[in-house]
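Report on the following structure.
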Amino acid sequence: MAANAARRVGVIGAGMVGVCAASWLQRDGHSVFLIEPGNPGEGASFGNAGCFNGSSVTPTAMPGVIRNVPRWLRDPLGPLSLRWSYLPAILPYLVRFARSATPEKVEGQAKALRPLLGPTVPLVRELAREAGADDLIHQRGHLYVYRSAEALAKDGFAWALRRANGVVVDEFDADELRQLEPALSRDYVRGLLVRENGHTSDPLALVTRLVEHFRGRGGEIVRARAFGFRLDGRRLAAIRTDAGEFPADAAIVCAGAHSKPLAAALGDRVPLETERGYHLMIRDPEVMPRIPTADADGKFVATPMALGLRFAGTVELAGLVAAPDWRRSRILLMQGRKMLPGLAADYPEADYANGRISMWMGHRPSLPDSLPVLGPSRASPDVIYAFGHGHVGMTAAPMTGRIIADLVAGRPPPIAIAAFDPARFA
Ligand SMILES: Cc1cc2nc3c(=O)[nH]c(=O)nc-3n(C[C@H](O)[C@H](O)[C@H](O)COP(=O)(O)OP(=O)(O)OC[C@H]3O[C@@H](n4cnc5c(N)ncnc54)[C@H](O)[C@@H]3O)c2cc1C
């Protein structure tokens, strides 16, 4: 296939990653269809913290992280929980995770991530402007807050890693922090502000408007669940779904945490896991931070959103099928109240019933080295993987979409993608 020739491209999964890929592909003149069994944007892209954090180059498996695990698991308010019945299933992932937490590997991962994440705000702005969604994108930075100088010192390696990758950080003491965000608890004595970061005030509305724009320019949405591919030799003939086969010249696998069986259908074994995360939202909160703010110890973020204040975060290892444990969301409220003491001391159960308080659980598509899988399958150059963005999928999606469009067009991508090679786990 000649470079730049228009092709019929099926994008599997209409989350932020799939929709960004579809948008860039459409700009190249391809005839693009999105395959999605549910409503676009209602997977992980629905309930995240909405942050476009180009600075988030630190992988989850940082040196020393394993030492914290027993403490986190013992603490019912802690950032990590594990359903013990799921331990045998996730053990191989955890072994890879622990092995990837060496300083040398982590430095390499950060270096690979920075070009994928760094340009996020200008790129998402470009897509949003075209789609009439500019009002949903904000750039007020991202604030990380600490309760002691010692706690900040413990994160020294992470901050050194960010700075080494070109992230500019402003540091604030307790008084300055109070002026910057008066709603924050006086318990916080250090704050680090990354001004380059942005956020969306409504992740679902952003995906929805990008999809509407895509449809307005002739893109199709196919309501179906993909389960495999029909190949003609090494060329793709069609995408197989529960609604029949859809002929395509290229397929992009962006099914988030559900992508593993699609890769397996082509013989690629990828150790994709779900790191389940939760949110709790308060409509008309008593106080609201102006800047998205992360409690560095509690590992959750408070984001000011159009529909209220969202606390999002924590990791639960329990697989794709277990029912949500809503105590995890309620813990976010307990933590959030400590961050923002101006919130009500208590919310009646009626607030949960009438929708003033809402809760959500979603699946981060995660790989043990915190890098996505981005590149062609082994069986066919026409089937390209774009999944596994873990904690930073909103941020990485705009550049991922550009890379996908380049790969389909046969152009060299704008950044190095060797570290994201789907075959790296073989
Ligand atoms: C609590 C929490 C907070 C987060 N905060 C942030 C943040 O602040 N910033 C950030 O950058 N990232 C954040 N993330 C991560 C981010 O949300 C994800 O990485 C990102 O949304 C993944 O996007 P996606 O398009 O790959 O997957 P999804 O949004 O899950 O989309 C995948 C889509 O594929 C569809 N699908 C599934 N199976 C099939 C199939 N067989 N055929 C067709 N379609 C299929 C699904 O229905 C879904 O719509 C957070 C995640 C969580 C859980």
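Listed residues Ala6, Ala14; which is aliphatic (A, V, I, L, M), in a loop (DSSP other than H, G, I, E, B), away from the ligand (no atom under 16 Å from the Cβ) and touching a residue at least 12 places away in the same chain (Cβ under 8 Å)?
It is Ala6.
Looking only at region 17-42, which residues are out of contact with any Leu (no Cβ under 8 Å at 6 or more places or on another chain), open to solvent by 40 Å² or more (accessible area, probe 1.4 Å) and within 7 Å of the ligand (Cβ to nearest atom)?
Pro37 - this is the single residue of region 17-42 that is out of contact with any Leu (no Cβ under 8 Å at 6 or more places or on another chain), open to solvent by 40 Å² or more (accessible area, probe 1.4 Å) and within 7 Å of the ligand (Cβ to nearest atom).
Confirm whether Gly298 is at negative phi, within 11 Å of the ligand (Cβ to nearest atom) and out of contact with any Phe, Trp or Tyr (no Cβ under 6 Å at 6 or more places or on another chain).
For Gly298, the condition - at negative phi, within 11 Å of the ligand (Cβ to nearest atom) and out of contact with any Phe, Trp or Tyr (no Cβ under 6 Å at 6 or more places or on another chain) - is not met.
Going through region 212-239 one residue at a time, which ones are within 25 Å of the chain's Cα centre (by Cα), in a strand (DSSP E or B) and of a type in the set (A, V, I, L, M, F, W, C)?
Ile221, Val222, Ala226, Phe227
Please return the ranges of strands (runs of 3 or more DSSP E) entirely within region 115-203 where 3 or more residues are under 20 Å from the mean Cα position of the chain (by Cα).
Strands (runs of 3 or more DSSP E) meeting the threshold: 142-146, 198-200.
Within region 320-356, take every residue that is in contact with a His (Cβ under 9 Å, 6 or more places away or on another chain) and open to solvent by less than 20 Å² (accessible area, probe 1.4 Å) and give me the one that is farthest from Lys260 (Cα to Cα).
Across region 320-356, the extreme among qualifying residues is Leu332.
Which pairs have Cβ atoms under 6 Å, sit 6 or more apart or on different chains, and link a residue in region 388-403 that is among the hydroxyl-bearing types (Ser, Thr, Tyr) to one that is within 7 Å of the ligand (Cβ to nearest atom) and modelled with pLDDT of 95 or more?
From residues that are among the hydroxyl-bearing types (Ser, Thr, Tyr), the pairs are Thr395/Phe52; Thr395/Asn53; Thr400/Val17.
Considering region 82-131 alone, what residues qualify as being in contact with a strand residue (DSSP E or B) (Cβ under 7 Å, 6 or more places away or on another chain) and within 30 Å of Leu206 (Cα to Cα)?
If the condition is that a residue be in contact with a strand residue (DSSP E or B) (Cβ under 7 Å, 6 or more places away or on another chain) and within 30 Å of Leu206 (Cα to Cα), then Thr120, Val121, Val124, Arg125, Ala128 are the ones that fit.
Please verify whether Ile66 is closer than 23 Å to Pro365 by Cα, open to solvent by 50 Å² or more (accessible area, probe 1.4 Å) and hydrophobic (A, V, I, L, M, F, W, C), treating the condition exactly as stated.
yes
Listed residues Pro289, Pro261; which is out of contact with any Leu (no Cβ under 6 Å at 6 or more places or on another chain), under 30 Å from Pro341 (Cβ atoms) and outside any strand (DSSP E or B)?
Pro289
Being within 21 Å of Arg276 (Cβ to Cβ) and open to solvent by less than 10 Å² (accessible area, probe 1.4 Å) is the filter here; which residues of region 390-405 pass it?
Across region 390-405, the qualifying residues are Thr395, Ala396, Ala397.
Against the conditions (1) in contact with a strand residue (DSSP E or B) (Cβ under 9 Å, 6 or more places away or on another chain); (2) open to solvent by 50 Å² or more (accessible area, probe 1.4 Å); (3) assigned to a loop (DSSP other than H, G, I, E, B), where does Met359 fall short? Just the number, please.
It fails just one condition, (3).
Does region 75-84 contain any residue that is closer than 21 Å to Glu126 by Cα and within 16 Å of the ligand (Cβ to nearest atom)?
no
In region 262-277, is there at least one residue being under 22 Å from Ser56 (Cβ atoms), at pLDDT below 95 and among the hydrophobic types (A, V, I, L, M, F, W, C)?
no
The values are calculated or read from the model by the stated rules, or taken from the named source; none is laboratory data. Bear in mind the structure is a predicted one, so any value in this text is a computation, not a measurement. Don't worry about glycine lacking a Cβ; one is built from the backbone with ideal geometry, like all the others, and counts go over all protein chains shown. To get the accessible areas, we keep the full protein, side chains included, count just its heavy atoms, and leave off ligands, DNA and RNA. Shrake-Rupley method; radii C 1.70, N 1.55, O 1.52, S 1.80 Å.
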